[in-house]
Amino acid sequence: VEGFARFIEDQALEMGRRGNRLDDATVQSVEAASVLAKQDQLLPFESFFEAQQAAFLKLPEEEVARVRLRTTLVPLAYSAKSLYYEQAGALVFFLYNRRGPEGPERFREVLRDHYRSTTRAGAWEKLGFETVEALEKAFLGFLADPSAR
């Protein structure tokens, strides 16, 4: 849910430049997650992917990473909580825009399950992956070169 909010926030900032599309891979969450992945500073994937609100609230607020993005003049400092938002926004971008024509509907189905309180462990299967490790591998592959289609 927070990833979807971050995804929309990023994309809305670019709509004046790109039009009413949700496919700009140059947004901050994607760039930050890409840089942090290259520095091996992303949150552990399986616990991140299946985190519930209680786990999110326990994330530390101290700085865990600092990166300079091509779009920022000064380095950005990230706590585990702020890193969570960037990583989640980038993951939603990947699931929505880089999983073929069925990607958006698969993502919306998982989001609907969440709001209906019918989410189950293994949501990666609904997203088209056999295992959480396969999802992580594909996501990290995307972060290695977010502009590739």
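Values computed for the structure shown
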| quantity | calculated |
| --- | --- |
| Among R120, R17, R108: highest mean-square fluctuation, GNM of the chain, C-alpha pairs under 10 Å | R17 |
| Taking the chain and dividing mean pair separation by its residue count, relative contact order in percent (alpha carbons under 8 Å, at least six apart) | 29 percent |
| Rule-of-thumb Rg ratio for region 56-121 [Cα; 2.2 N^0.38 Å; N residues] | 1.43 |
| Per-bin percent of Cα-Cα distances, the chain [10 Å] | 11, 42, 37, 10, 0 |
| Per-residue ³J(HN,Hα) for region 114-130, Karplus 6.51 cos²θ - 1.76 cosθ + 1.60, θ = phi - 60°, Hz, x for Gly and Pro | 4, 6, 8, 6, 10, 4, 10, 4, x, 4, 4, 5, 5, 8, x, 10, 6 |
| Surface accessible to a 1.4 Å probe, per residue, for the residues of the chain, Å² | 56 Å² |
| Spin-label proximity, K38 to region 126-149 - amide N less than 20 Å from point 7 Å beyond Cα toward beta carbon | 137-149 |
| Size of region 27-94 as Cα extents on the principal axes (Å, biggest first) | 34, 27, 17 |
| In Hz, Karplus ³J(HN,Hα) per residue of region 93-104 (6.51, -1.76, 1.60; θ = phi - 60°; x = Gly, Pro) | 4, 4, 5, 7, 10, 10, 10, x, x, 7, x, x |
| Carbon and sulfur %, accessible surface of the chain computed with the full protein complex present, 1.4 Å | 53 percent |
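The values are calculated or read from the model by the stated rules, or taken from the named source; none is laboratory data. Just so we're clear, the structure is a prediction, and the values are computed from it rather than from any experiment. Positions of Cβ are backbone-derived with ideal geometry, glycine not excepted, and every protein chain shown enters the neighbour counts. The accessibility values were calculated without ligands, DNA or RNA, using every heavy atom of the protein model including side chains. Shrake-Rupley method; radii C 1.70, N 1.55, O 1.52, S 1.80 Å.
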